[in-house]
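Everything on this sheet refers to the single structure shown next.
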Amino acid sequence: MSEKKTIIAVYVENQAGVLTRVTGMFTRRGFNIDSLTVGETESPKYSRITICMDGDGCEQMINQLYKLVVVKKVEILEEDSIKRELMMLKVRNESQNRSEIMTAVDVFRASVIDYSADGMCIEVTGVPSKIDAFVKLMEPFGILEMCRTGVVALDRGTKTLLSEKK
């Protein structure tokens with residue numbers, strides 16, 4: 001049912017317009033980005049872009065990304081890489097459902113980060129499938145709003161994006 005997702009890590013110069021250039025390459029070639037995260041790295045001179053997309057055409061995109069001067073390194077992350085996502089979800093807080101919602105929060109190791117008489121904001125982190133499962137569980141209670149960060153990922157062990165493959 002779900003297609004294989006590929007995670008691409010892109011190490012780029014940290015300057016204005018880089019994200020637009022990188023995403024523009026995907027747009028021009030008709031590729032859809034499922035999730036995208038970007039942030040400064042251990043060096044403020046560089047940013048790391050993590051792109052999650054369907055598995056087809058990744059090698060073509062890597063070759064195209066290397067044509068951008070601001071791109072320093074591109075790598076497809078292995079299947080066993082460490083993946084996490086953050087989601088904040090606002091759900092209706094009704095007395096008849098409150099204990100069920102709180103049980104789900106405990107089971108999923110989530111946190112209630114805002115609480116009012118009629119709404120609750122919950123923070124969940126984990127692998128994307130955990131986030132999807134939590135959303136499905138909360139749907140009957142009335143999801144008011146939600147936002148997800150998209151996938152962030154790192155290789156296991158001491159291997160880094162800039163180290164040579166072994």
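Each reported figure results from applying straightforward, stated rules to the coordinates on display, with no laboratory input. Here the structure is a predicted model, which is why all the values come from computation and not from measurement. We place every Cβ from the backbone using ideal geometry, glycine too, and count neighbours over all the protein chains shown.
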Mind checking the stretch 59-157 for trypsin sites (Lys or Arg not before Pro) that DSSP puts in a loop (not H, G, I, E or B) and that have at most 15 other Cβ atoms within 10 Å? 67, 109, 156
Compactness of the stretch 23-152, expressed as Rg and Dmax over alpha-carbon positions, Å: 18.5, 58
Given the options 133, 49, 81, identify the residue whose Cα lies farthest towards the positive end of the charge dipole of the chain (+1 on Cβ of Lys, Arg; -1 on Cβ of Asp, Glu). 49
Just need log10 I(q)/I(0) for the stretch 82-148 at q = 0.17, 0.28 Å⁻¹, Debye formula, equal scatterers on the alpha-carbon atoms, no solvent, rounded to two decimals. -0.51, -1.41
The stretch 5-76: projected area of the alpha-carbon convex hull, averaged over directions, in nm²: 4.2
Based on alpha-carbon centroids, what's the gap between the stretch 117-146 and the stretch 59-88 in Å, whole number please? 28
Helix-only [θ] at 222 nm, the chain, -39500 (n - 2.57) per DSSP H run of 4+, per residue, nearest 500, equals -7000 deg cm²/dmol
Enumerate by residue number the GluC sites (Glu not before Pro) in the stretch 1-75 meeting two conditions: DSSP loop (anything except H, G, I, E, B), and at most 16 other Cβ atoms within 10 Å of the site's Cβ. 3, 42
